[in-house]
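The next block holds one structure in the form of structure tokens; read it before the comments.
The values are calculated or read from the model by the stated rules, or taken from the named source; none is laboratory data. Nothing here was measured: the structure is a model prediction, and the numbers come from that model. When we count neighbours, we look across all protein chains shown, and the Cβ atoms used for this are built from the backbone with ideal geometry, even at glycine. Surface accessibility is based on the protein's heavy atoms, side chains included, excluding ligands, DNA and RNA. Shrake-Rupley method; radii C 1.70, N 1.55, O 1.52, S 1.80 Å.
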Amino acid sequence: MIVFCVAAILSATLVHAQGRDAYPSKSVRLIIPAAPGGNPDVLARMLAQKLTDRFGRAFVVENLPGAGGVVAAEAVVKTSPDGHALFLGDSGALAINVAVNPNISFHPLRDFTLITALASVPTVLVVNPSLPAASLQEFIALAKAKPGQLAFGSAGNGSIHHLTMAIFASRAGIELLHVPYKGGTALVAAVLGGEVQSGWSGIPNVLQAIRTGRLRVLCISTAKRSGSLADVPTAAELGFPGFDVATTIGLQAAAGLPPELVVRLQAAFAAALREPDIAERMANLGMELAENGTESYVRYVRQDLERYTAAVKLLGGKVQ
């Protein structure tokens, strides 16, 4: 009887261990809150093959655009927390949506397992060269001399570009005219064409225009300079200490993902991000490695929520 009981216990332990180690038992969905081509989508497609090779099961990118990431986030919340549906949500899909609409159906700290940050995507403040402002201080002086007359473009109401300028304008004590566009490409075209005088943009969208002199760059939004634009100073360096605003792309799953699976996924994604080809491509896209584990990522999401909630308040509680 003793031998039988010991054998049964060992058998159950083995089955449990095999079930745990067998992850994934089927293909894994990498859910992206945007159409193909955006930063989360590009990053996901770079990582998918590495993870497929590592785990021996397909990691399949699934694009679920709509409502600024709300459609995808709500879909992920309803999935089973078994690691077969992973979310590459960014600051917009998580923190900004909650800041803009406190009554939204999900909350990042309640309804998701926050696994790790993956990449930080800074923006740069660019102006049309016709604007008589060769530096950030000259831009601020010009805006103060013409309150409400200088226009800035964004990728839409409540976008990272919009809220970054709201935060910056408040810190600088300036008033600008907001002109929303449908996406980052349209925003850049508007600054290039002189429809608006300025705007915060992701680096890839403006890098060539900066290098050819068709746009003038004044500063970068993050606390550290970017490797792709190493000569561009941070706003903090230019008199705005603590200014650090970026879109962070992270890895999430539905709430309740087992801790041992969280650890496995953290290790797998960290290894993939450090592959030379991915690191090089990220640098070319203006992305900075931000992998840091659950504790740091939770802290960052909390800061994101505070940052963008405060930005929405600066706009009178509305982003229209």
What distance in nm lies between label points placed 7 Å from Cα along the C-beta direction at LEU177 and VAL71? 3.4
Beyond 31 Å between alpha-carbons counts as too far, so tell me which of LYS26/LYS182; LYS50/LYS313; LYS50/LYS78; LYS78/LYS224; LYS50/LYS182 fall in that bin. LYS26/LYS182; LYS50/LYS313; LYS78/LYS224; LYS50/LYS182
Placing +1 on the Cβ of each Lys and Arg and -1 on the Cβ of each Asp and Glu in the chain, which of LEU64, LEU118, THR212 has its Cα farthest towards the positive end of the resulting dipole? THR212
How much solvent-accessible surface does ASP53 expose, in Å² to the nearest 10, with a 1.4 Å probe and all protein chains in place? 110
Rounded tilt (10° steps) of 39-55 against the dominant C-alpha axis of the chain: 20
Could you tell me which of ALA223, ILE278, SER135 has its Cα farthest along the dipole of the chain towards the positive end, charges placed at Cβ (Lys, Arg +1; Asp, Glu -1), taken about the Cα centre? SER135
Give the angle, between 0 and 90 degrees and rounded to the nearest 10, that separates the Cα long axis of helix 136-145 from the longest principal axis of the Cα atoms of the chain. 60
Give me the percent of accessible area attributable to carbon and sulfur for the chain, probe 1.4 angstrom. 56
What fraction of the DSSP beta bridges in the chain is antiparallel, stated in percent and rounded to the nearest 5? 60
Accessible area of ASP111, 1.4 Å probe, to the nearest 10 Å²? 30
How much length would be gained if the chain were fully extended between LYS146 and ARG214, taking 0.36 nm per residue of separation minus their Cα-Cα distance, in nm to one decimal? 22.1 nm
Between ALA283 and ARG45, what is 0.36 nm times their sequence separation minus the Cα-Cα distance? Round to one decimal in nm. 84.1 nm
Taking 0.36 nm per residue of separation and subtracting the Cα-Cα distance, what length does fully extending LEU192 through LEU109 add? 25.9 nm
In nm, to one decimal, how far is the ARG299 label point from the ASN101 one, both placed 7 Å along Cα→Cβ? 3.2
Could you tell me which label, among (i) 20.0; (ii) 17.9; (iii) 17.1, carries the value of mean projected area of the Cα convex hull in nm² calculated for this structure? (ii)
Within segment 239-279, which residues have the backbone N less than 17 Å from the label spot 7 Å out from SER25 along Cα→beta-carbon, could you tell me? 257-262
What spacing in nm lies between the two simple spin-label points modelled at HIS84 and LEU314, each 7 Å away from Cα in the Cβ direction? 4.5
